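Participant: For reference, the structure I am asking about is given below.
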Amino acid sequence: MMREEGEHPADSSPPSLTRVRCAAMPHFLDWFVPVYLVISILILVGFGACIYYFEPGLQEAHKWRTQRPIMERDLRKTLMIRDNLAFGVPELWAGSKEQSAVRFPFQQGPVESKNEAAMSELVPEPRQKPVVPMKPMGINTSLLGYIGIDTIIEQMRKKTMKTGFDFNIMVVGQSGLGKSTLVNTLFKSQVSRKSSGWNREEKIPKTVEIKAIGHVIEEGGVKMKLTVIDTPGFGDQINNENCWEPIEKYINEQYEKFLKEEVNIARKKRIPDTRVHCCLYFISPTGHSLRPLDLEFMKHLSKVVNIIPVIAKADTMTLEEKTEFKQRVRKELEVNGIEFYPQKEFDEDLEDKTENDKIRESMPFAVVGSDKEYQVNGKRVLGRKTPWGIIEVENLNHCEFALLRDFVIRTHLQDLKEVTHNIHYETYRAKRLNGNGGLPPMTVETVENHESNL
């Protein structure tokens, strides 16, 4: 069947529409391709600029490349003059008529010295590369492989387990405040003089005595040489004037002993450390205010040792009385300018400050000590038995012994040692050496020790 003129098949587009589509396609490509290329170039340029900005090595390489032609020109000039002087090529020197003569290296006498002088004047010194301070590497710098720097912690742990460490703690306070019991509770062993027996017939000492008892405690393969320094007789007299002086004298004597060992010509590989790292000062739970003796002691001793004030026998006060008494003690210490450990000025960073602020707000710790165990809810706990129940020593709802233990032993023990060495001992050492011309006096004992070492 013949198709009539002007009739189109159903499956084909009209000729006019096809021509419109074909004509529109070149126009679309005319603007799309250039725009696509421009955007691609801008992306590549931006990416390259970012790499150049964040990579200091590329910036240094660019600076070196820009300075390279100057350095090469100076080097070529230097080599040319050197070759002329070495191989006899005449060089015309600028200046006066005497200096404009032709000179050769085989000439004798002052000509050679003049050549050397001219050489030093005309040949510039090699330009040194400017020193550019290194930018600190980022904390999250990615490594290409495992290095092993994290093993330093394990190395330190092994060394500490072999050698052990010293820790010396002093307890100061009136008799009957439970100082020995608290120390025994703190280290869960009989480390205080209470274990040696205290006779009721024994008279109260007329002066403050210093008694040091040493023990070796081992836990988890780590050995600690613990020394507990007790001060019987402190605050037990009618006249307690200057009763803190024997304690301060003892603390300074330990600094002096360490200093003498340190300045010896042939000193020991490991100096015995008898310095007092921590002083627990026991405050009587009066519920009113600090005594003048308390303020006087802490005012003098806070400058030479780390003082941690604690309220003894906190179970004798109600919760409200305990809270009010702690606030009153903190206020009195602040008014009298007494700083206790941890001091605000020794906070190293924001993390330390945040942690220590929480501790300072909880101090002085209201504690209860006991070395006896009782059965509570099917568990053996340390506590004190009273007519109205058992006071659990490690229960924060009953007292703050757990806070004191964690603070002294589990979080700040190393810091106590470092502050003692870097602050208190260094203060004593500087004062001692400046007052004696640089060295402590040579006693007969020091001379004999030196001769024996030789």
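Participant: For F258, what accessible area in Å² do you get when you roll a 1.4 Å probe over the heavy atoms of the protein chains, rounding to the nearest 10?
Facilitator: In the full protein context, F258 sits at about 20 Å².
Participant: Here is the link list: K260/K344; K211/K417; K249/K372; K331/K417. Which ones come out longer than 26 Å on Cα distance?
Facilitator: Pairs exceeding the cut-off: K260/K344; K249/K372; K331/K417.
Participant: When the dipole is taken about the Cα centre of the range 287-342, and only Lys, Arg (+1) and Asp, Glu (-1) are charged at their Cβ, what size is it in debye, to the nearest 20?
Facilitator: Charge dipole, the range 287-342, about its Cα centre: 120 debye, nearest 20.
Participant: Let me ask you something else. Can you sort C50, C278 by solvent-accessible area, 1.4 Å probe, largest first? If you can, show how the numbers build up before the last one.
Facilitator: Numbers: C50 70, C278 0 Å².
Ranked list, largest accessible area first: C50, C278.
Participant: Enter the accessible area of R405 (Å², nearest 10), with the probe set to 1.4 Å and all protein chains included.
Facilitator: 30 Å²
Participant: What dipole magnitude, in Debye to the nearest 20, does the range 298-393 give about its Cα centre under +1 on Lys/Arg Cβ and -1 on Asp/Glu Cβ?
Facilitator: That gives the range 298-393 a dipole magnitude of about 620 debye.
Participant: How much accessible area does S362 have with a 1.4 Å probe, in Å² rounded to the nearest 10?
Facilitator: Counting only protein heavy atoms, the figure is 30 Å².
Participant: Name the residue farthest towards the positive end of the dipole of the range 180-339 from the options T185, A266, P246, assuming +1 on Cβ of Lys and Arg, -1 on Cβ of Asp and Glu, about the Cα centre.
Facilitator: Toward the positive end, the furthest listed residue is A266.
Participant: Roughly how many whole Å is it from the C-alpha centroid of the range 397-427 to that of the range 352-387?
Facilitator: The distance from the Cα centre of the range 397-427 to that of the range 352-387 comes to 16 Å.
Participant: Working with all protein chains in place, sort W244, W388, W31 by solvent-accessible area computed with a 1.4 Å probe, largest first.
Facilitator: Highest to lowest solvent-accessible surface, that is W388, W31, W244.
Participant: Further question: I need the peptides 232-243, 342-353, 152-163 ranked by packing, meaning the mean over residues of other C-beta atoms within 10 angstrom, with the highest value on top.
Facilitator: Ranking, from highest mean packing down: 232-243, 342-353, 152-163.
The values are calculated or read from the model by the stated rules, or taken from the named source; none is laboratory data. Quick caveat, the model's predicted, so the values are computed rather than measured. Using ideal geometry, Cβ is built from the backbone for each residue, glycine included, and neighbour counts are taken over all protein chains shown. Only protein heavy atoms, including side chains, enter the accessible area calculation; ligands, DNA and RNA are left aside. Shrake-Rupley method; radii C 1.70, N 1.55, O 1.52, S 1.80 Å.
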